[in-house]
Amino acid sequence: MTTVGILGGGQLARMLALSGAPLGLRFLVLDTVADACAGQFAPLIVGDYRDEAALAEFAARIDIATFDFENVPAESAQWLSARAPVFPSPRALAVAQDRLAEKTLFRELGIPVPEFADVPDRAALLAAVARIGTPCILKTRRLGYDGKGQFRIKTPADVDAAWDALGAQAANVGLILEAFVPFERELSVVAVRGRDGEFRTWPLTENWHVDGVLSMSLAPARADDALANAAFAHARALADALGYVGVFALELFCKDGALLANELAPRVHNSGHWTIEGSETSQFENHLRAVLGLPLGDTGMLGHACMLNWIGAMPDADAVLREPGGHWHDYGKEPRAGRKVGHATLRADTIAALARTVRRVGAALGRDDIVARAESID
Ligand code: AMP
């Protein structure tokens, strides 16, 4: 019996455990909080990721380790990797944890990125704003996610406010300035690479964010083969350069029909949740297959899929459950403002039928924003 250890016990760990059950796998989760929602399906060790006693107990009870959370301290991943195989590797994790290292690697690999600059101090911020121009975004290099740790600089007059908001973090997590991209759309590639280097992607996904948080995904994205193939080539170059093992997502902006890379998420990704019902093999199952060295599953799509994130609180399930292609995922979390508490995936054979389903669900829930998006994809 193989036990997979997962660092981080949120919904990603929960969905990994659910998808691993038919493979005969057991799981053990390490999280800092006792009510981590993966703990409803897998034994949970509660401890800090830097706590060697907790890590030692975790290591002693698992055969292999992976992550549901990319901000596990790199030293902890390193420490663990001396005691159990860890996938993706601590090196891949370290690159993905640092927006500066990540964007530098993208550029080295010929993957287009928005203009960026390291911002070690206030003088560097002034110089970077002068070079890159406004609008631009000041971000923390590490520990930012879902739009947290970011400040939009609309005009040079905002530089002081940006430094007041984030300057104190320059010394500990570092700062990076990026050009603001007036993108038409956001896209992501969810891809998997096996231990033997086999590489597969799911169809390109189109994403809508609200306040920096993913709100809806559509797959396949409305994109021609040239655009999709360019995105897949970028993902492959990245995976090969890092010797990556497991599932990851490459988030991209699409502007004037061209791609610019935003970030690499070194784990299963919210924009790949639709793969549970919308693909032959889900991102969760393929992540487990990859890290365990098993053959990868087919990533082909079953029609068209739309994923709706439930943020803050779960809406009424009936609107989704009554749809023939409606699938409900409640993460078993307490409601809290801004928290991802669940999602729904809607599936249909054609994009027109999918748009109708999304519109019906949006109308039944009284969500004009969902109805408006349904109209935009029709
Ligand atoms: P991130 O945490 O970098 O993934 O950013 C969260 C969201 O903020 C992205 O999905 C975009 O919607 C937006 N965003 C981040 N960086 C930029 C940028 N350079 N230009 C425009 N929008 C951005």
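The values are calculated or read from the model by the stated rules, or taken from the named source; none is laboratory data. Predicted, not measured: the structure shown is a model, and the values here were computed from it. Glycine also receives a Cβ, built like all others from the backbone with ideal geometry; neighbour counts cover every protein chain displayed. What goes into the accessible areas is simple: the full protein's heavy atoms, side chains included, and nothing from ligands, DNA or RNA. Shrake-Rupley method; radii C 1.70, N 1.55, O 1.52, S 1.80 Å.
Remarks
- Here the chain has 51 percent of its accessible surface on carbon and sulfur atoms, given a 1.4 Å probe and all protein chains in place.
- Length available on full extension from LEU143 to ALA101: 0.36 nm per residue minus the Cα-Cα distance, which gives 13.8 nm.
- Rough spin-label spacing in nm, given labels placed 7 Å along Cα→Cβ, for ALA363 and ARG339: 3.3
- Candidate residues LYS333, LYS103: accessible-area rank, largest first, probe 1.4 Å: LYS333, LYS103
- Using only alpha-carbon positions in region 219-326, the gyration tensor eigenvalues give semi-axes of 25, 19, 14 Å once each is multiplied by 5 and square-rooted (largest first).
- Sequence of LEU250, LEU18 when ordered by accessible area, the most exposed leading, probe 1.4 angstrom: LEU18, LEU250
- Cα Rg, Dmax, region 16-87, angstrom units: 11.7, 33
- The residues of region 113-157 present an accessible area of 53 Å² per residue when probed at 1.4 Å with all protein chains retained.
- Accessible area of ASP378 in the full protein assembly, 1.4 Å probe (Å², nearest 10): 100
- Looking at region 244-378, the accessible area is 36 square angstrom per residue; that uses a 1.4 Å probe and ignores ligands, DNA and RNA.
- Solvent exposure, largest accessible area first (probe 1.4 Å, DNA, RNA and ligands not counted), of PHE183, PHE116: PHE183, PHE116
- Centroid-to-centroid separation of region 127-191 and region 341-378 [C-alpha atoms, Å]: 32
- A simple spin-label model places the labels of ALA21 and THR155 5.8 nm from each other, with each point 7 Å out along Cα-to-Cβ.
- Note on region 44-108: with charges restricted to the Cβ of Lys and Arg (+1) and Asp and Glu (-1), its dipole about the Cα centre is near 220 debye.
- Rolling a 1.4 Å probe over the protein chains gives CYS37 an accessible area of about 10 Å².
- Cα gyration tensor category, rounded, prolate or oblate, for the chain with a/c compared to 1.5: rounded
- A convex hull fitted around the alpha carbon atoms of region 297-378 yields 106 Å³ per residue.
- Globularity index of region 83-189, i.e. its alpha-carbon radius of gyration over 2.2 N^0.38 Å: 1.14
- For THR357, solvent-accessible area (1.4 Å; no DNA, RNA or ligand), Å²: 10
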